[in-house]
């Protein structure tokens, strides 16, 4: 029997941001930080990254109340050189730290050509693609890498015990055809998607996981077994050395350069981050940067599609189109998101926004 998928209800993005902000404030987070976190999470849903949008909010709220996320205060500058800084994030909210980082890096990159920031001891940073939009609007090329030294769910290629997180890495840059937002990870799937499918009793369409014996499986239930299973790196069983290499690269950019990572005691759900901005004007100039990227985009977009594919798209364009549509007609939330927040909403006396009609 064919499974019937219920239609997703749509909600005003403004109302969702206001509601999420108030939930975070009621939990004890600083008001300005709450607004930044709420906006970032809703932006994740707007872009279609619905495992990294408001689906993260229950975990954030629990950690605000329990002290796993620092509620107020400021980061600490550990070291600073003309174009490079290292911060101790003091376990402050990751979205707030990255926005503060961009406040520093954008003018610095315009002055120096390249500017880089590593942040250790940040809280979780949500959807990486969200931050790329701001840098691209400034005409910058941005590279963002993140790892969580407190969590492991991906085994090294050929192994069976988890060492890494999915280790996302993202790059964004301007293009006349629309900004390009590349947001990928070193593993085939993510912890968020694995957790969602496990909670729903669903399986992946393909064998993207390993059980504890190293046998391939599509069942995310292996993560609840003892010992637990793992997520395969990009490339799977045949070419997983590629994802393994990418995961090591992310670890070097984050934990290695920040001097804080898996060799240190665990502190709870969080992130170690590396942000680097490049100003094309300091290299061949923005005009020639766009000339090169536009030619490449033309070659991709005009490429004859293979059977079953309507057309070639550039990374991030589907998300940006979804964002524009949902800003107009409402955010179509995954049906598990609001029930996951119901207990907090009831306890704080903040009922969820009403679904849009029509």
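None of the figures in this text is laboratory data; all of them are computed from the coordinates on show. Only a predicted model underlies this, so the values are computations on that prediction, with no experimental measurement involved. Note that each Cβ is placed from the backbone with ideal geometry, even for glycine, and that neighbours are counted across all protein chains shown.
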Relative contact order computed over the chain (Cα-Cα under 8 Å; 6+ residues apart), in percent
23
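When ranked by the protection proxy of mean other Cβ atoms within 10 Å per residue, highest first, what sequence do the peptides 46-52, 350-356, 61-67 form? Could the numbers behind the result be given before it?
Working: 46-52: 22.6, 350-356: 14.6, 61-67: 17.1.
By packing density, highest mean first, the sequence is 46-52, 61-67, 350-356.
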At R0 = 41 Å the Cβ-Cβ FRET efficiency linking residue 302 and residue 237, nearest 0.05, sits at 0.75
When DSSP beta bridges are limited to those with both residues in the range 40-145, what percentage is antiparallel, rounded to the nearest 5?
50
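Using R₀ = 30 Å, calculate the FRET efficiency as 1/(1 + (r/R₀)^6) where r is the Cβ-Cβ separation of residue 65 and residue 266; round to 0.05. All intermediate terms of the calculation are to be shown ahead of the outcome.
On the way: r = 20 Å, r/R0 = 0.66.
FRET efficiency, residue 65 to residue 266: 0.95.
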Multiplying the sequence separation of residue 318 and residue 292 by 0.36 nm and subtracting their Cα-Cα distance, what value in nm do you get?
7.2 nm
Looking only at the range 4-38, which residues have a backbone nitrogen under 20 Å from a spot 7 Å from the Cα of residue 310 in the C-beta direction?
5, 7-8
Which parts of the range 38-65 would a label at residue 8 reach, counting a residue when its backbone N lies under 19 Å from a point 7 Å out along Cα-to-Cβ?
38-59
Using Cα springs under 10 Å in a Gaussian network model of the chain, which residue among 196, 71, 91 shows the largest mean-square fluctuation?
196
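How many percent of DSSP beta bridges within the chain run antiparallel, rounded to 5? Don't skip to the end; give the middle numbers.
Numbers: 37 of 43 bridges.
About 85 percent, rounded to the nearest 5.
Based on the Cβ-Cβ distance from residue 111 to residue 200, what FRET efficiency comes out when R0 is 41 Å, to the nearest 0.05?
FRET efficiency, residue 111 to residue 200: 0.25.
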Given points 7 Å out from each Cα along the Cα-Cβ axis, report the residue 15 to residue 80 separation in nanometres with one decimal.
4.4
Antiparallel content of DSSP bridges confined to the range 118-276, in %, to 5
95
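Figure the gain on full extension for residue 212 and residue 137 (residue separation times 0.36 nm, minus the Cα-Cα span) and round it to one decimal in nm.
On the way: separation 75, 0.36 × 75 = 27.00 nm, distance 4.48 nm.
Extra length available between residue 212 and residue 137 comes to 22.5 nm.
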